[in-house]
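Q: Next up is a structure, given as structure tokens.
The values are calculated or read from the model by the stated rules, or taken from the named source; none is laboratory data. Note that the structure is a prediction, hence the values are computed from the model and not measured. Quick reminder, even Gly has a Cβ in these numbers, built from the backbone with ideal geometry, and neighbours come from all protein chains shown.
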């Protein structure tokens with residue numbers, strides 16, 4: 001079995017190939033990294049979320065999320081508000097400039113998705129989506145012991 005036959009490598013290749021045009025279509029024009037876009041999209045969908053939630057949902061490590069948030073904040077695309085329930089955390093929101101850029105990038109992302117999946121039927125897209133959901137759940141379940149803080153015994 002070659003690397004080309006492994007599902008993991010196929011999955012990584014698909015992600016890389018589908019993300020590659022981002023730099024040409026949105027990134028360069030708006031000085032926006034792919035991780036910044038990913039974080040923006042999650043903040044737009046979940047206003048008031050915190051950085052840990054973004055990391056958990058995106059699968060990005062906390063350092064990558066932190067760097068993306070720093071870049072977004074310097075460009076005044078994201079605002080942080082103190083969390084009234086936990087002073088150590090901030091709640092994240094898109095600024096007006098961030099919302100405007102998000103709307104542009106989201107329109108382009110939808111066009112890219114339509115382009116990528118035009119060869120699949122609606123049923124195939126639904127099946128693919130369900131398989132991806134199942135794969136995400138499987139990965140989260142397999143990694144759960146590593147993500148759960150250990151408690152002291154005795």
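Q: Looking at residue 133 and the list (1) within 18 Å of the chain's Cα centre (by Cα); (2) modelled with pLDDT under 95; (3) within 30 Å of residue 75 (Cα to Cα), which single condition is not satisfied?
A: (3)
Q: Which of the residues belonging to the range 86-110 are in contact with a strand residue (DSSP E or B) (Cβ under 8 Å, 6 or more places away or on another chain) and in a strand (DSSP E or B)?
A: Selection gives 89, 90, 91, 92, 93, 94.
Q: Still on this model: Of the residues that sit in the range 47-72 and are in a loop (DSSP other than H, G, I, E, B) and touching a helix residue (DSSP H, G or I) at 6+ places or on another chain (Cβ under 7 Å), which one is surrounded by the most Cβ atoms within 10 Å (Cβ to Cβ)?
A: Going through the qualifying residues, I end up with 60.
Q: Let me ask another. Please indicate, with yes or no, whether at least one residue in the range 19-33 is without any contact (Cβ under 8 Å) to a residue 40 or more places away in the chain and under 24 Å from residue 91 (Cα atoms).
A: Looking for residues that are without any contact (Cβ under 8 Å) to a residue 40 or more places away in the chain and under 24 Å from residue 91 (Cα atoms), one finds at least one in the range 19-33, hence yes.
Q: Out of the residues in the range 18-28 meeting the condition of being more than 16 Å from the chain's Cα centre (by Cα) and exposed (fewer than 13 other Cβ atoms within 10 Å of the Cβ), tell me which one is farthest from residue 73 (Cα to Cα).
A: 24
Q: Would you mind finding the one in 124, 113 that is under 17 Å from residue 22 (Cα atoms) and part of a helix (DSSP H, G or I)?
A: 113
Q: Answer yes or no: is there a residue in the range 7-29 that is outside the structural domain of residue 131 (by TED's automatic domain parsing), touching a helix residue (DSSP H, G or I) at 6+ places or on another chain (Cβ under 7 Å) and not in a helix (DSSP H, G or I).
A: For the range 7-29, residues outside the structural domain of residue 131 (by TED's automatic domain parsing), touching a helix residue (DSSP H, G or I) at 6+ places or on another chain (Cβ under 7 Å) and not in a helix (DSSP H, G or I): absent.
Q: Consider residue 32 carefully, then state whether it is part of a loop (DSSP other than H, G, I, E, B) and within 19 Å of the chain's Cα centre (by Cα).
A: It is true that residue 32 is part of a loop (DSSP other than H, G, I, E, B) and within 19 Å of the chain's Cα centre (by Cα).
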